[in-house]
Each structure stands twice: as C-alpha cells, then as structure tokens.
Amino acid sequence: MEMDYYKYQALGNDYIVIDPNKSNLNVMNENVKLLCDRNFGIGSDGILYGPIYENEIIKLRILNPDGSEAEKSGNGIRIFAKYLIDSGYVKDRAFQISTLGGTVNIEVLDENATLLRVDMGVASFLSEEIPVNGALREVINEKLLIGDHEYRINCVTVGNPHCVILCSDISERLAKELGPKFESNSIFPNRTNVQFLKIMDKNNIQIEIWERGAGYTLASGSSSCAAASVAYKLGLAENKMKVHMAGGVIEIEITSSGHIVMTGSVYGVSQGFFHKDLLKRVNGKIDARRVIKEKKT
Ligand SMILES: N[C@H](CCC[C@H](N)C(=O)O)C(=O)O
C-alpha cells in the first residue's frame with residue numbers, strides 16, 4: 001500500500017523518505033522545516049526525495065531540516081538504498097544512486113538489506129573543490145581564528161564540504177558550542193559540516209558532529225568519510241578504520257585508488273500518512289513559517 005512517507009534511521013541519524021511517485025507533496029523550503037521539526041512535524045535529520053528517474057539513472061535529492069540541499073549524505077544514501085529495495089524498485093544486490101555530489105555504487109551485504117556498503121568516491125582537500133575561500137591550496141593543518149581562539153582546520157569534500165578539527169578530547173557539548181561557529185564561517189562560501197576528531201589508535205577514531213543545515217547529529221556517513229580521510233592523510237590512522245560516533249560505528253576503508261568505502265547499518269522506523277491538518281500547513285494554507293516561529297518564541 002502506498003504511503004505519504006517512510007521513516008528510517010542509520011545509527012540514529014534519521015531521515016524521512018518522500019517518494020514523488022507516491023506523494024505529490026512539494027518539498028519546498030518551509031515544508032521541509034515543518035516536516036523535520038520534532039515538535040510540529042514528523043521530526044527527522046532531513047528529507048530524502050526520490051527516486052527521480054532520468055533515463056535509467058535513479059536520482060536522489062537530499063534536503064536538510066533548514067531547507068538547504070546537500071550534495072551527498074552517507075547515511076541518507078544507505079537509507080535510500082534500503083528504501084529502493086523495500087519498495088521493490090531495485091531487485092539487485094549491487095546498484096547505483098545519483099546525487100548532486102556524484103554517482104555512488106551500493107552493495108547490499110545481508111538478506112534484509114540492513115547492512116550496506118557504499119563507495120563514496122574519492123576525497124579532495126583542494127580549496128577550490130570543497131570550497132574554501134582564498135588561494136588554491138590543500139586545506140591541511142591551516143590556522144583559523146574563531147573569536148579570540150586559533151584553531152587548526154583540515155577541510156575535505158566527499159561530495160559535500162567538511163571541516164575536521166583534531167582534538168585531544170571531544171564531546172556533544174563541544175560540538176554544539178563550536179560547531180555553529182565553523183559551519184557558517186565566512187571562509188566557507190557554501191557553509192560546511194564540522195567534525196571534532198579524536199584519534200583512538202591506528203584503526204579507530206571517534207568524532208562528534210555538527211552538520212551543515214541540521215546541527216548536532218548522532219552519526220553522519222559523509223562526516224565519517226571526511227574524518228577518516230583526514231586521519232589517513234595526516235598519517236594518524238591506517239586505511240582501514242572504525243569511526244565511533246554517539247549513534248554507533250561505521251567502517252571505512254580507503255582503497256589504493258583513494259576510494260572511500262563506507263559500511264554501516266540501516267533500519268526502518270515507520271511509514272504513514274500526513275494528517276490533513278499537517279497537509280494544510282505544508283501546502284501553504286496555514287503559513288508553515290508561523291508554526292516554526294511559534295516554536296521559537
Ligand atoms: N548535512 C549534510 C548532509 C547530510 C550528511 C549526513 N547526514 C550523512 O550521513 O552524510 C550537508 O549539508 O552536507
């Protein structure tokens with residue numbers, strides 16, 4: 001039976017899938033904010049909008065709770081791949097999904113498609129590709145002044161932008177306090193995702209995450225790829241490592257050709273229909289902006 005939405009989570013990073021072949025909801029800016037709002041809406045770390053078919057290619061759009069569009073989402077891609085299998089769009093155990101940040105190869109590792117492997121492509125540290133303002137360079141161990149404190153940043157793109165800060169100690173509090181200051185710093189023309197990275201040993205790292213357009217999340221696939229790429233680039237970790245996050249562990253392997261292969265779990269949560277009252281709001285009959293503002297006051 002066709003539903004309005006399908007909810008999944010990957011290590012506590014939860015997404016709502018809205019399928020344009022089943023729901024005619026327009027996922028505009030305000031609608032996304034309302035749907036993702038954990039009090040006035042369904043609540044999630046973002047919206048996965050697809051499958052959008054272009055010839056044989058399956059395209060996915062990734063929307064953050066603030067309405068911004070992301071080029072890539074590691075957990076989002078694993079969730080969407082599971083949705084494609086659960087819904088019968090895909091029958092194979094290996095297939096591709098196209099995102100704004102590039103086309104990725106998916107491999108389903110278990111019967112119920114709860115463990116998936118994704119080749120997230122090759123990382124780039126080049127300022128112009130991330131992007132980071134200033135002269136063309138690799139943004140490695142670079143000074144950045146935030147307030148009156150000087151930090152060392154390592155920036156990388158895996159399709160979406162990331163800023164990784166090495167720390168001896170990390171915490172949720174640190175991510176929530178400093179994350180926003182890096183996310184919107186003027187050197188990032190498209191803003192950035194932020195990870196605070198602690199090296200545990202050569203095959204284990206730990207990160208706390210502040211996501212662009214989403215804030216603090218329990219896990220992030222692209223953040224895991226970004227932090228692992230930095231740890232490996234700096235010679236602080238080997239090419240195979242576990243990334244430990246508040247929501248759980250993702251395994252990363254950086255291949256000899258530089259591809260970042262991510263393996264992690266995904267689980268369905270719920271599926272359902274929008275209540276007519278919510279539909280009135282998301283279709284603009286009741287101003288969604290007012291609803292969100294109500295929450296802020
Ligand atoms: N907020 C991110 C997209 C979601 C990334 C994260 N949830 C993941 O699993 O990669 C961005 O604006 O680039």
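The values are calculated or read from the model by the stated rules, or taken from the named source; none is laboratory data. Since we're looking at a predicted model, the values are computed, not measured. Methodologically, a virtual Cβ is constructed for each residue, glycine included, from the backbone with ideal geometry; neighbour enumeration extends over all protein chains shown. Accessible surface is based on the protein model in full, side chains and every heavy atom, while ligands, DNA and RNA are left aside. Shrake-Rupley method; radii C 1.70, N 1.55, O 1.52, S 1.80 Å.
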Item to check | Residue check, residue 54 in contact (Cβ under 8 Å) with a residue 24 or more places away in the chain, more than 15 Å from residue 10 (Cβ to Cβ), within 9 Å of the ligand (Cβ to nearest atom) and surrounded by fewer than 20 Cβ atoms within 10 Å (Cβ to Cβ) | outcome: no
Next on the checklist: Take residue 76 and tell me if it is within 15 Å of the ligand (Cβ to nearest atom) and surrounded by fewer than 23 Cβ atoms within 10 Å (Cβ to Cβ).
Outcome noted: no
Checklist entry - Only one of (1) open to solvent by less than 20 Å² (accessible area, probe 1.4 Å); (2) farther than 15 Å from residue 13 by Cβ fails for residue 88. Which number is that? => result (1)
Checklist entry - From the set of residues in the range 110-122 that are out of contact with any strand residue (DSSP E or B) (no Cβ under 9 Å at 6 or more places or on another chain) and not charged (D, E, K, R), which is surrounded by the fewest Cβ atoms within 10 Å (Cβ to Cβ)? => result 112
Checklist entry - Restricting attention to the range 51-71, which residues are farther than 19 Å from residue 108 by Cα and not aliphatic (A, V, I, L, M)? => result 53, 54, 55, 56, 61, 64, 65, 66, 67, 68, 69, 71
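Could you count how many residues in the range 1-26 are aliphatic (A, V, I, L, M) and at pLDDT 95 or above? Break it down into steps so the answer makes sense when it comes.
Filtering the range 1-26 for residues aliphatic (A, V, I, L, M) gives 1, 3, 10-11, 16-18, 25.
Those still in the list that are at pLDDT 95 or above too: 10-11, 16-18.
Total meeting the criteria: 5.
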Item to check | the range 1-32 - residue that is within 14 Å of the ligand (Cβ to nearest atom) and more than 17 Å from residue 81 (Cβ to Cβ) and, of those, nearest to the chain's Cα centre (by Cα) | outcome: 12
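Yes/no matrix, rows are residues, columns are (1) of a type in the set (Val, Ile, Thr); (2) touching a helix residue (DSSP H, G or I) at 6+ places or on another chain (Cβ under 9 Å):
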{"residue": "162", "(1), (2)": "no, yes"}
{"residue": "177", "(1), (2)": "no, no"}
{"residue": "223", "(1), (2)": "no, yes"}
{"residue": "245", "(1), (2)": "no, yes"}
{"residue": "254", "(1), (2)": "yes, yes"}
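Is there a residue being within 13 Å of the ligand (Cβ to nearest atom), touching a residue at least 24 places away in the same chain (Cβ under 8 Å), in the same structural domain as residue 168 (by TED's automatic domain parsing) and over 14 Å from the mean Cα position of the chain (by Cα) anywhere in the range 231-243? First the steps, then the outcome.
Narrowing the range 231-243 to residues within 13 Å of the ligand (Cβ to nearest atom): 243.
Filter once more, so that each one left must be touching a residue at least 24 places away in the same chain (Cβ under 8 Å): 243.
Filter once more, so that each one left must be in the same structural domain as residue 168 (by TED's automatic domain parsing): 243.
If we keep only those that are over 14 Å from the mean Cα position of the chain (by Cα) too, we end up with 243.
Yes, the range 231-243 contains at least one residue that is within 13 Å of the ligand (Cβ to nearest atom), touching a residue at least 24 places away in the same chain (Cβ under 8 Å), in the same structural domain as residue 168 (by TED's automatic domain parsing) and over 14 Å from the mean Cα position of the chain (by Cα).
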Item to check | Residue list for the range 230-254, restricted to those being under 23 Å from residue 62 (Cα atoms), open to solvent by 10 Å² or more (accessible area, probe 1.4 Å) and either assigned to a strand (DSSP E or B) or of a type in the set (S, T, N, Q) (or both) | outcome: 245, 248, 249, 251
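Output the number of residues of the range 193-227 satisfying the condition of being farther than 17 Å from residue 146 by Cβ, in a loop (DSSP other than H, G, I, E, B) and within 16 Å of the ligand (Cβ to nearest atom).
So in the range 193-227, the residues farther than 17 Å from residue 146 by Cβ come out as 198-207, 209, 211, 213-227.
Next, from what is left, pick out any that are in a loop (DSSP other than H, G, I, E, B): 202-203, 213-214, 218-220.
Okay, now just the ones that are also within 16 Å of the ligand (Cβ to nearest atom), so 213-214, 218-220.
Counting residues in the range 193-227 that are farther than 17 Å from residue 146 by Cβ, in a loop (DSSP other than H, G, I, E, B) and within 16 Å of the ligand (Cβ to nearest atom) gives 5.
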